[in-house]
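Written below as structure tokens is the structure these notes are about.
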Amino acid sequence: MKQYSIRKAHQDDVKAMHELLLRSAQKGLLLPRALIYLYGHIRNFFVAETSEGNIVACCALAPVWEELGEICSLVVRDDLQGQGLGRRLVEACISECDALHLKKIFALTYQENFFMRLGFKSVEKDILPQKIWADCVNCPKYPDCDELAVLLDLSENGEDALRPRVNNALPAPPPGKERHCG
């Protein structure tokens, strides 16, 4: 079985990341990211690479507001999906939250179940006004966004919250924040 390493991205990775993100955007799975955006936000990204140095997946942790961050631009090459690379990238982002003093992280996604397996809870987008007014209002899908919002509260369980809760029961959401998926 082929081994992949997860590491912080650097400038030399941008074109490979851009290609992965563009392919996924063309399928309608995420919004495209311009090269200038990737170069300007490279410090937010982690990549998965082969032993030959080929970038096969990426993901970013973007600070959004006081104690709030976003998992975004998560993409894994099509032929490598289901091998745990996405999970490992999200775990790398979660492990960086403590250093950035982030206590809550969210994602807007079409892959709600993936994030829920990592301990995220489904939430309504209206609890993320900073994201809505900073980014969403400029999105071509606004106000009819079909992505789902998920949130991981890292302060709920102290140090344990920094370890993803894969396959564990999810804590009940606060009253009024429940979301029932069909």
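None of the figures in this text is laboratory data; all of them are computed from the coordinates on show. Predicted model only: the values in this text are computed from it and were never measured. Neighbour counts are summed over all protein chains in view; Cβ atoms, including those assigned to glycine, are modelled from backbone coordinates with ideal geometry.
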Next item on the list: May I ask you to verify whether ALA99 is outside any strand (DSSP E or B), over 29 Å from LYS2 (Cα atoms) and not basic (Lys, Arg)?
Entry: yes
Check: Restricting the search to segment 58-86, which residues are crowded, with 17+ Cβ neighbours inside 10 Å and part of a helix (DSSP H, G or I)?
Finding: LEU85, GLY86
Next item on the list: Go through segment 80-132 and give me each residue that's more than 15 Å from ALA60 (Cα to Cα) and of a type in the set (Val, Ile, Thr).
Entry: VAL123, ILE127, ILE132
Next item on the list: Under 8 Å between Cβ atoms, at least 6 apart or on separate chains: pull out the pairs that start in segment 60-84 with a residue that is closer than 13 Å to LEU30 by Cβ and touching a residue at least 24 places away in the same chain (Cβ under 8 Å) and end on any residue that is among the aromatic types (Phe, Trp, Tyr) and buried (at least 17 other Cβ atoms within 10 Å of the Cβ).
Entry: ALA60/PHE45; ALA60/PHE46; GLU70/PHE106; ILE71/PHE106; ILE71/PHE115; SER73/PHE45
Checklist line | Residues (among the acidic types (Asp, Glu) and more than 12 Å from the chain's Cα centre (by Cα)) located in segment 37-85 | finding: GLU49, GLU52, GLU66, GLU67, ASP78, ASP79
Note to self: Looking at segment 85-94 only, could you name the residues that are closer than 12 Å to ILE71 by Cβ and in contact (Cβ under 8 Å) with a residue 40 or more places away in the chain?
What the structure shows: ARG87, LEU89, VAL90, GLU91, ALA92, CYS93, ILE94
